[in-house]
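Asks: Let me begin by handing over the structure; questions about it come next.
The values are calculated or read from the model by the stated rules, or taken from the named source; none is laboratory data. It should be emphasised that the depicted structure is a prediction, and the values quoted were computed from it without experimental measurement. Here the Cβ positions follow ideal geometry from the backbone for every residue, glycine too, while neighbour counts run over all protein chains shown. Note: areas computed on protein heavy atoms with side chains; ligands, DNA, RNA excluded. Shrake-Rupley method; radii C 1.70, N 1.55, O 1.52, S 1.80 Å.
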Amino acid sequence: MFGEISLSPLADMASFSTEGGDIRQSLLALGLLIIVAKLAEGVFRRLHLNSILAYASAGILLGPVLQVLTGWSIQPTGHIDLLLTLGIFIFFFLIGLDEIDISSFVATLRGHYFLAAIVSVLFSLGVSVLVTSGTVLDIGIDLTFQEALALAGILSMSSLGIVAKVLADEGRLREPVGLQIFTVVVIAELLTLLVIGFSIGEHSREFSVSDLLILIGKIAGFAALAWLLSSRVLPPLVGLLQRVIQVPQLSLGLLLGVLFLMVDAAEFFGLHGTLGALLFGASLSGLSYQVRSEMMPGLRSVAEGFFVPLFFASAGLYFSFTFVTMPWWIMAVLALIPLFGNFAGAFLGAYVSRLRVPYAVASGLMGKGVAEIALLLVLRELGIIDEVVFSFLVLVMFCYILLMPSVISFSAARASRSQASQPAPDDIPRGIFRFVLQDITVGDILDRLRPHPQSSMSVRAFTSNWATPHQHDYVVLDDDSVPGILSIGMFRYLPAEAWSRTELGQLVRPDPPVAWLDEHVEDVLQRMTESNLTAIPVLERKSGKFVGALTSYDVLELVLNRGRA
């Protein structure tokens, strides 16, 4: 007994000393990784290279390269692995917030953009699965079907972040061709991410139709839960708590806390935590611009200044030059066959859906590298792929990041010149525009001099003098008040002989939603989408006076004009 008592403090001290050494090692690694990653970002930006390349290169420099040169390198520790896990969730949360718009996705389900995306995804997935599953060529990675599907999804997915940056930098994001590329990539990325999330979830590894249906139900249920929490519970709760207890950065703390709770809930549902973070971010993307602008700055600062650089730098630490031991033909198969499948599938999808420039859309869907590196790291952590395959595929993604922006830029520029005389597409989902309309208010674009039909006008007079091909809804006035909104679709229920004696006021939709002059256009577009309207009356906030009407075609014209400026 005495011996046990006397040795226990010594053991505790030894344990504390060992733990203290681990902490010091972790702090040294964290400090060097963050400093070198941010410095490398500055250098890479001057060279017009992606910041993700800078972060990963910093990890490779401090890891395998430093090991070869000096025999010493930074090694991932348990503390770094924990921060790396947090970084994965925050990164996919931001992807969902910035790149996924659920309402726009739903709006495209019956359109040719969805057809183009799903043909592209299915074809490229099928080609990649032939490689990863060893069906055609056995490359020796020994994966189950679901594991092969997860890896195939990574090899065939498109990265919206890369595509959006290229199009925005070239001024193409607001042009008709850029909008079409962007729309298809939004849908394709979400479809592929859902496939990958299904494949790496904590469900049975035996693939069956019943498992698939159950998992689809789980994903739908979780998405509904995330939407309910983010749109109905979180914003009013944050507002109430800020008024009551007035704690600095309360919204940031609550957002981070709820994010990790949603990740845990996803794991409970049998989904992977990254899919939970992605769906939670996507559900928050439907919040108003004002609410998101109040809640998100703190998280973005923490993510972009710490978690995202550390995450990709840590991915560089896991990089190994052992991939050179792979046979050359396996390297060729892994790199080239999915590349062929990506382009062929994207071109086929754009062609069968009759998009104007299929080669440009196909090139846009080749943009990748950022989210793919993150997902490859997830597969490595799960033991699905080893460090050899991981390192080679990370190198392949580096090549995509370096080379594909030039290909996308060239294809988009060529397509824009060939389609310069074509009218703008009028079937782009309105939610897509939120990516290019930040900080623009209704007052910035409202045409106050535009006339509007009166409620006493007959349907016959209206169709003869007012109806235009691009507009489906019209704000109808009764002197200076707004009795409602007229939808052209109502005319199909009215006999032709009654058009001359029927007034517009009899057909309008009463008590329509309204927009305010000082509101952000992004928020108004969201309200129009939810109400299935293409026009909305605009009022002055203080007086409630009608000042004009905003239409979705006005917004499209703004987007295109800004792109030409």
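Asks: What residue, of Leu317, Leu299, Leu271, is farther than 23 Å from Ala224 by Cβ, at pLDDT below 80 and in contact with a helix residue (DSSP H, G or I) (Cβ under 7 Å, 6 or more places away or on another chain)?
Replies: Leu299
Asks: Return the residue satisfying two criteria in turn: it lies in region 65-77 and is over 18 Å from Gly31 (Cα atoms) and either in contact (Cβ under 8 Å) with a residue 24 or more places away in the chain or assigned to a loop (DSSP other than H, G, I, E, B) (or both), and of such residues it is least open to solvent (accessible area, probe 1.4 Å).
Replies: My answer is Gly71.
Asks: Out of Val333, Val308, Val394, Val302, report the one residue that is assigned to a helix (DSSP H, G or I) and farther than 16 Å from Tyr55 by Cβ.
Replies: On inspection, the qualifying residue turns out to be Val333.
Asks: Going by what's in this entry, would Phe260 be described as part of a helix (DSSP H, G or I), of a type in the set (Phe, Trp, Tyr), open to solvent by 10 Å² or more (accessible area, probe 1.4 Å) and modelled with pLDDT under 85?
Replies: Taking the combined requirement at face value, the residue does not satisfy it.
Asks: Can you confirm whether Val378 is open to solvent by 10 Å² or more (accessible area, probe 1.4 Å), touching a residue at least 60 places away in the same chain (Cβ under 8 Å) and within 23 Å of the chain's Cα centre (by Cα)?
Replies: Criteria not met by Val378.
Asks: Inside region 461-483, can you point out the residues that are of a type in the set (Gly, Ala, Ser) and either at pLDDT below 85 or part of a loop (DSSP other than H, G, I, E, B) (or both)?
Replies: Ser464, Ala467, Ser481
Asks: Looking at (1) in contact (Cβ under 8 Å) with a residue 40 or more places away in the chain; (2) under 27 Å from the mean Cα position of the chain (by Cα); (3) surrounded by fewer than 16 Cβ atoms within 10 Å (Cβ to Cβ), can you tell me which one Arg501 breaks?
Replies: Result: Arg501 fails condition (2) only.
Asks: Would you confirm, using the coordinates I've provided, whether Ala332 is surrounded by fewer than 20 Cβ atoms within 10 Å (Cβ to Cβ), out of contact with any Lys or Arg (no Cβ under 8 Å at 6 or more places or on another chain) and free of Cβ contacts under 8 Å to residues at least 40 places away in the same chain?
Replies: So Ala332 fits the description; yes.
Asks: Right, next: Consider region 109-144. How many of its residues are assigned to a helix (DSSP H, G or I) and loosely packed, with under 15 Cβ neighbours inside 10 Å?
Replies: The qualifying residues number 1.
Asks: I've got another one for you. When you go through (1) modelled with pLDDT of 80 or more; (2) of a type outside the set (Asp, Glu); (3) surrounded by fewer than 15 Cβ atoms within 10 Å (Cβ to Cβ) one by one for Phe207, which number turns out not to apply?
Replies: Here Phe207 clears every test but (1).
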